[in-house]
Amino acid sequence: MSDYTLTIKTYEKKGVLDDITDVITSHGANISYVHLFVENNNMGSVNLELEHVEDINDLVKDLNNISEVKSVELHGSQFDIWGKRIIIVGGGAQVSQVATGAITEADRHNIRGERISVDTIPLVGEKPLAEAIEAISRLPRVRALVLAGSLMGGEITQAVKKVKEESNLVVICLNMPGSVTEYADLIITDPIQAGVLAVMAIADTAVFNIERLGDNIKF
């Protein structure tokens, strides 16, 4: 049994997604992630992450037997290809410095077999930042969040609290005024070090274990 990603091209027609999920369910596989969109030529693309697939060849064969399905492409799991994700949000200058540390450290671990990717989005304003953080719970493969700013609280704090309750997300923030620091696992003064420690906290190839530090540790 293994995990796979399927890209299914279908004719845009009512009920196609139901037929696809029925076939997958009949094979005992679990859908862990789905992304679908309609293309300009009246075709639909469905990207599926599947878990616990017993016989991928039989599954693909049955999917191709659906009359509306035009093609089925088989890929490796997105987790195997792109691996774990680190999301860095906040002000542009701080985000770039955190990203420098994270990318440099991720390179050291990725050449030893890890797959860690770094996503950044420089944002200004309480509401945009809160919306971005809340959306993290809907993104796949995210293991760590770095809050890179000079002042964060209010709606941002509530968003961080919510995503931590919904997942085992590691939250690292820069040393700053505001209530968001109360919900961070680590508080780091140096932004480059924050990026480095974010990678070390989620890398299987690192000896650093954030759980051994306790809660709300400040460096």
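What follows draws every value from the coordinates through simple rules; no lab data is involved. Source: prediction; values computed, not measured. Every residue, glycine as well, gets a Cβ built from its backbone with ideal geometry; the counts of neighbours run over all protein chains shown.
Below are the figures for this structure:
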quantity	calculated
Computed over the chain: relative contact order in percent, which uses C-alpha pairs under 8 Å that are six or more apart	18
For the chain, the spread of Cα positions along each principal axis, largest first, Å	59, 37, 27
Additional length obtainable on full extension of the chain from Glu51 to Arg115, 0.36 nm per residue less Cα span	21.1 nm
Packing-based exposure ordering (other Cβ within 10 Å, fewest first) of Ile8, Ile31, Ile172	Ile31, Ile8, Ile172
Backbone N under 20 Å from the Val207 label point (7 Å along Cα→Cβ), restricted to the range 94-109	105-109
Where GluC sites (Glu not before Pro) fall in DSSP loop in the range 48-101, at most 11 other Cβ within 10 Å	Glu54
Paramagnetic label zone (point 7 Å from Cα along Cα-to-C-beta, Ser167; backbone N under 16 Å) in the range 174-208	184-185, 198-199, 201-203
DSSP beta bridges in the chain [antiparallel fraction, %, rounded to 5]	50
Residue among Val199, Leu123, Ile66 farthest towards the positive dipole end of the chain, charges placed on Cβ	Leu123
Relative contact order (%) - criterion: Cα under 8 Å, at least six apart; region: the range 2-78	49
Calculated FRET value between Tyr33 and Lys127, using beta carbons and R₀ = 25 Å, to 0.05	0.35
Mean separation of Cα contacts under 8 Å (6+ apart) over length of the range 168-212, as relative contact order %	31
For the chain, built as a Gaussian network whose Cα springs stay under 10 Å, the top-fluctuating residue of Val118, Val34, Val142	Val34
Choice from Asp80, Asp22, Asp107 with maximal GNM fluctuation in the chain (Cα, 10 Å cutoff)	Asp22
Exposure rule at most 11 other beta-carbon atoms within 10 Å, DSSP loop trypsin sites (Lys or Arg not before Pro): the chain longest free segment	113-219
Among Thr157, Thr205, Thr25: highest mean-square fluctuation, GNM of the chain, C-alpha pairs under 10 Å	Thr25
Neighbour-count ranking [beta-carbon atoms within 10 angstrom, fewest first] of Ser179, Ser77	Ser179, Ser77
Net length gained if the chain between Glu182 and Asn41 were fully extended (0.36 nm per residue, minus Cα distance)	45.7 nm
